[in-house]
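Engineer: My questions all concern the structure below.
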Amino acid sequence: MDCIKIFSRWGESINADKAKNLAILFFVILNIVLLSLMLIGRVKYRVSDKQQRYIHALLEKNNITLDAKIMTEFRPIRQLSLNQKYMDVELVTNWLFDNGENFTVSDEFDRQIFRSDRKTLTYDKQQFVMEIPDGTGKIELNPQNARRVCEEKLNELNISQIEFEEDNEFFIGDESIILEYRAKYSGNVIYSSYVIFRVTESSIVEIKAGLLSCNGYTDAAKEIYAPDEALQALLYELKNLYGDIEKNIVINRLDIVYYLDFSKSGESSELKAIPYYRFYIDERSEPFLINAYFNTVLR
């Protein structure tokens with residue numbers, strides 16, 4: 001009887017050792033598979049040195065200089081859900097018109113026009129545009145003063161759910177400076193949520209605003225085109241615009257931003273912004289935007 005018990009315990013011990021070894025083997029194989037998938041992903045979503053050399057050579061062959069660091073890694077990206085609750089007429093008129101400043105309201109086609117003696121505010125459901133021909137004061141025109149008066153005006157807006165950061169600065173000759181502020185969400189620039197100022201020696205003479213707040217990410221992440229592929233799409237667009245490029249064109253900035261195409265939003269209450277590659281070239285204040293999902297140029 002004792003022999004039977006001994007053999008039984010010995011068999012249980014062997015089975016336990018087998019189970020333990022099988023478990024160890026399973027986790028080893030699992031780690032190898034996960035590591036392989038990670039390495040495959042890094043290769044798939046990476047712009048190789050060879051691809052970088054090719055795109056640089058292709059651009060230079062067409063008299064285009066890439067004076068900006070190309071993104072060497074990219075990943076599938078989700079869309080952003082936005083809302084227009086701060087595109088509110090009362091909020092904006094209180095912000096842009098002085099206390100006690102009288103103005104009239106008229107409807108012209110699909111726009112509302114608000115006029116005072118010194119200012120004209122236009123609202124078309126997508127953005128507000130305030131024109132102040134005589135400006136808001138007198139300043140010595142330089143970037144520091146322009147930034148100061150713009151940020152003072154921006155702080156008066158005081159919308160806690162939208163955090164604007166300076167995004168771009170552009171000079172128009174010696175006469176004016178354009179300062180652009182855009183919202184960010186988790187470090188991502190929301191191109192369609194902005195306040196843009198034009199400043200002269202008369203201080204602020206124009207303000208454009210699209211006040212979109214963010215609800216968060218929506219839908220599953222989708223694969224995007226690689227940065228070098230977007231650069232090729234930009235090259236074809238530049239050739240369409242300028243033909244044979246004789247004067248050297250310099251691409252001085254590239255990144256990915258979120259853009260909302262109102263024309264495709266319809267009557268949906270949820271506004272979805274999708275990722276676009278953004279390219280700035282010298283001597284042009286407006287960037288080129290290329291849909292990261294489809295590699296098509298926004299026109």
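Engineer: Enumerate the calculated ³J(HN,Hα) couplings along segment 131-142 in order (Karplus 6.51 cos²θ - 1.76 cosθ + 1.60, θ = phi - 60°), each rounded to whole Hz, writing x wherever the residue is Gly or Pro.
Structural biologist: 10, 10, x, 8, x, 9, x, 10, 9, 7, 6, 7
Engineer: Rounded to the nearest 0.05, what FRET efficiency is calculated for ASN63 and ASN155 with R0 set to 35 Å and r the Cβ-Cβ distance? Spell out each step's value before the answer.
Structural biologist: On the way: r = 44 Å, r/R0 = 1.25.
Efficiency computed from Cβ-Cβ geometry: 0.20.
Engineer: How do THR104, THR65 line up, fewest other C-beta atoms within 10 Å first?
Structural biologist: Details: THR104 8, THR65 15.
With the sparsest Cβ surroundings first, the list reads THR104, THR65.
Engineer: Return a whole-number percent for the relative contact order of segment 131-271, with Cα pairs under 8 Å and 6 or more residues apart as the contact set. Spell out each step's value before the answer.
Structural biologist: Values: 177 pairs, mean separation 32.4, N = 141.
Averaging sequence separation for qualifying contacts and normalising by length gives 23 percent for segment 131-271.
Engineer: Give the value in nm², to one decimal: projected area of the alpha carbon convex hull of segment 83-217, averaged over all directions. Present the calculation step by step, with values, prior to reporting the outcome.
Structural biologist: Numbers: hull surface 34.7 nm².
Mean projected area of the Cα convex hull: 8.7 nm².
Engineer: Then there's this: Per residue of segment 91-105, in order, report the coupling 6.51 cos²θ - 1.76 cosθ + 1.60 (Karplus, θ = phi - 60°) as ³J(HN,Hα) in whole Hz, putting x for Gly and Pro.
Structural biologist: 4, 6, 5, 5, 6, 8, 9, 5, 4, x, 7, 7, 8, 9, 10
Engineer: What distance in nm lies between label points placed 7 Å from Cα along the C-beta direction at ASN83 and ASP110?
Structural biologist: So the label points at ASN83 and ASP110 sit 2.4 nm apart.
Engineer: Taking H as built 1.01 Å from N, whose amide H comes closer than 5 Å to the amide H of ILE281, not counting residues under 5 places away?
Structural biologist: ASN252, PHE288
Engineer: If packing is taken as the average count of other Cβ atoms within 10 Å, what order do 206-219, 144-157, 164-177 fall into, highest mean first? List each step's numbers first, then the result.
Structural biologist: Working: 206-219: 18.0, 144-157: 15.5, 164-177: 13.9.
Order by mean packing, descending: 206-219, 144-157, 164-177.
Engineer: Under a no-solvent Debye model with one identical scatterer per Cα of segment 138-232, what's log10 I(q)/I(0) at q = 0.11, 0.24 Å⁻¹?
Structural biologist: Values returned for q = 0.11, 0.24 Å⁻¹ are -0.42, -1.18.
Engineer: Once phi is turned into ³J(HN,Hα) by the Karplus curve 6.51 cos²θ - 1.76 cosθ + 1.60 with θ = phi - 60°, what whole-Hz value does each residue of segment 225-232 show in order, with x for glycine and proline?
Structural biologist: Per-residue couplings from phi come out as 5, 6, x, 5, 5, 5, 5, 5 Hz.
Engineer: Which FRET efficiency value, to the nearest 0.05, is calculated for ASN295 and THR218 with the Förster distance at 30 angstrom and r the Cβ-Cβ distance? Write down the numbers at each step before the final one.
Structural biologist: Working: r = 22 Å, r/R0 = 0.73.
After rounding to 0.05, the efficiency reads 0.85.
Engineer: Right, another one. Students often get this wrong, so check it: of LYS138/LYS208; LYS69/LYS264; LYS69/LYS125; LYS50/LYS247; LYS222/LYS247; LYS50/LYS184, which have C-alpha atoms separated by over 30 Å?
Structural biologist: Values: LYS138/LYS208 20 Å; LYS69/LYS264 32 Å; LYS69/LYS125 37 Å; LYS50/LYS247 27 Å; LYS222/LYS247 37 Å; LYS50/LYS184 33 Å.
The answer is LYS69/LYS264; LYS69/LYS125; LYS222/LYS247; LYS50/LYS184.
Read-outs: derived from the displayed coordinates by stated rules, not from any lab. Since this is a predicted model, take the numbers as computed values, not measurements. As a convention, Cβ positions derive from the backbone with ideal geometry for all residues, glycine included, and neighbour counts pool all protein chains shown.
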